[in-house]
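See below for the structure under consideration.
The values are calculated or read from the model by the stated rules, or taken from the named source; none is laboratory data. As the structure is a computational prediction, the values presented were derived from the model and not from experiment. Positions of Cβ are generated from backbone atoms using ideal geometry, with glycine treated the same way; all protein chains shown enter the neighbour counts. Heavy atoms of the whole protein, side chains included, go into the accessibility calculation; ligands, DNA and RNA do not. Shrake-Rupley method; radii C 1.70, N 1.55, O 1.52, S 1.80 Å.
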Amino acid sequence: MHLATPVLHPQFKGYSATWSQDGDSVEELEIPHEYDDDDPRFRHSPLHTIFFDGAHAVRRRARERNSRHCCIDPMEEGMTDFAAFPMSFLRLPVQNGVFSIATDVPNGFGPRQLAMIDDFVPALSHLAEVYIFEDMTRLRTH
């Protein structure tokens, strides 16, 4: 699972968290202001498609070799299906984010599973917003 959002912060322009498949770790990343939004990896990513093209969801299945909406190749990671959904925030200065999830189940996500994930994203958005708001307001000194 992965969460990404732009942030209004003097030290970085975005926040990202990736949970490992085994659930034992979370990799948090603060994206520096120097990161180029014109980088082809970002322009062809589901993040760009949701943030700038307004897509409601982006899906990439391993059997679909060429997808202009996703630079992630689930086959390289052993995944069979990948889906990304927009998140909406009310209290954050930047009011959007992206939640993505992947699976290695042979046939990928079924329609019912995707509908359940889509229904779950608003609640997840609220929880993520509380966490991100708290994290962004903490004083960072070096």
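The set of residues in segment 94-123 that are β-branched (V, I, T) and either within 15 Å of the chain's Cα centre (by Cα) or surrounded by 16 or more Cβ atoms within 10 Å (Cβ to Cβ) (or both) comprises V94, V98, I101, T103, I117, V121. Could you say whether any residue in segment 47-63 is at pLDDT below 85 and surrounded by fewer than 18 Cβ atoms within 10 Å (Cβ to Cβ)? Looking through segment 47-63, at least one residue is at pLDDT below 85 and surrounded by fewer than 18 Cβ atoms within 10 Å (Cβ to Cβ). Within segment 18-33, residues that are without any contact (Cβ under 8 Å) to a residue 60 or more places away in the chain and of a type in the set (F, W, Y) sit with their Cβ atoms under 8 Å from residues that are surrounded by 10 or more Cβ atoms within 10 Å (Cβ to Cβ) and not in a strand (DSSP E or B), at 6+ positions apart or across chains, in these pairs: W19/M1. Can you confirm whether segment 35-46 contains a residue that is open to solvent by less than 50 Å² (accessible area, probe 1.4 Å), at pLDDT 75 or above and more than 21 Å from D118 (Cα to Cα)? Yes, because at least one residue in segment 35-46 is open to solvent by less than 50 Å² (accessible area, probe 1.4 Å), at pLDDT 75 or above and more than 21 Å from D118 (Cα to Cα). When residues in segment 70-89 are screened for being touching a Lys or Arg at 6+ places or on another chain (Cβ under 7 Å) and modelled with pLDDT under 80, 4 of them pass.
Taken together, V121, V94, V105 contain a single residue that is at pLDDT 90 or above, of a type in the set (A, V, I, L, M, F, W, C) and farther than 21 Å from A62 by Cα, which is V121.
Test each condition in (1) over 20 Å from P122 (Cβ atoms); (2) outside any strand (DSSP E or B); (3) open to solvent by 70 Å² or more (accessible area, probe 1.4 Å); (4) modelled with pLDDT of 80 or more for F12 and report the one that comes out false. With respect to (1) over 20 Å from P122 (Cβ atoms); (2) outside any strand (DSSP E or B); (3) open to solvent by 70 Å² or more (accessible area, probe 1.4 Å); (4) modelled with pLDDT of 80 or more, F12 is out only on (3). The listed residues are A62, A4, and the only one of them that is over 16 Å from G97 (Cβ atoms), among the aliphatic types (A, V, I, L, M) and touching a residue at least 40 places away in the same chain (Cβ under 8 Å) turns out to be A62.
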